[in-house]
Amino acid sequence: MERDGWLCHLCGEPIDRTQTAPEPLAPTLDHVIPIARGGGHTMTNIKAAHFICNSSKSDQLEWSPAA
């Protein structure tokens, strides 16, 4: 989370480090290439994301927040 500046890599908004899942803005680790799609559990494949953004992305390779 520190490495990513507490910003959600999916929507670009700040992550609320005081919240916990399942709060929408809680911090989670997103696998950029999902494990289900062959991605690894490595530092280069993990980025900070909001719980809601990460949950919405699911196992998709490409995702963008709703307008």
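The values are calculated or read from the model by the stated rules, or taken from the named source; none is laboratory data. Quick caveat, the model's predicted, so the values are computed rather than measured. Neighbour counts are summed over all protein chains in view; Cβ atoms, including those assigned to glycine, are modelled from backbone coordinates with ideal geometry.
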Is it the case, given these coordinates, that Lys47 is modelled with pLDDT of 95 or more and out of contact with any helix residue (DSSP H, G or I) (no Cβ under 8 Å at 6 or more places or on another chain)? yes
Going through segment 21-67 in order, the residues found to be outside any helix (DSSP H, G or I) and within 15 Å of Trp6 (Cα to Cα) are Pro24, Leu25, Ala26, Pro27, Thr28, Leu29, Asp30, Ile46, Lys47, Ala48, Ala49, His50
From Ile52, Ile35, Ile15, Ile46, grab the single residue that is touching a Phe, Trp or Tyr at 6+ places or on another chain (Cβ under 7 Å), of a type outside the set (Gly, Ala, Ser) and at negative phi. Ile15
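Rundown of residues vs (1) of a type in the set (Val, Ile, Thr); (2) touching a strand residue (DSSP E or B) at 6+ places or on another chain (Cβ under 9 Å), yes/no style:
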| residue | (1), (2) |
| --- | --- |
| Ala26 | no, yes |
| Leu29 | no, yes |
| Val32 | yes, yes |
| His41 | no, yes |
| Ala49 | no, yes |
| Ser58 | no, no |
| Trp63 | no, no |
| Ala66 | no, no |
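Counting just the residues of segment 28-67 that are among the charged types (D, E, K, R) and more than 12 Å from the chain's Cα centre (by Cα), which one comes out surrounded by the fewest Cβ atoms within 10 Å (Cβ to Cβ)?
Among them, the one singled out is Glu62.
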Across segment 18-63, the tally of residues that are of a type outside the set (A, V, I, L, M) and touching a Pro at 6+ places or on another chain (Cβ under 7 Å) stands at 4
Pairs, first of a type outside the set (Val, Ile, Thr) in segment 33-53, second crowded, with 16+ Cβ neighbours inside 10 Å and assigned to a strand (DSSP E or B), C-beta under 6 Å, six or more apart: Gly39/His31; Asn45/His31; Lys47/Asp30; Ala49/Thr28; Ala49/Asp30; Phe51/Thr28
Looking only at segment 1-27, which residues are within 14 Å of Trp63 (Cβ to Cβ) and buried (at least 16 other Cβ atoms within 10 Å of the Cβ)? Cys8, His9, Leu10, Cys11
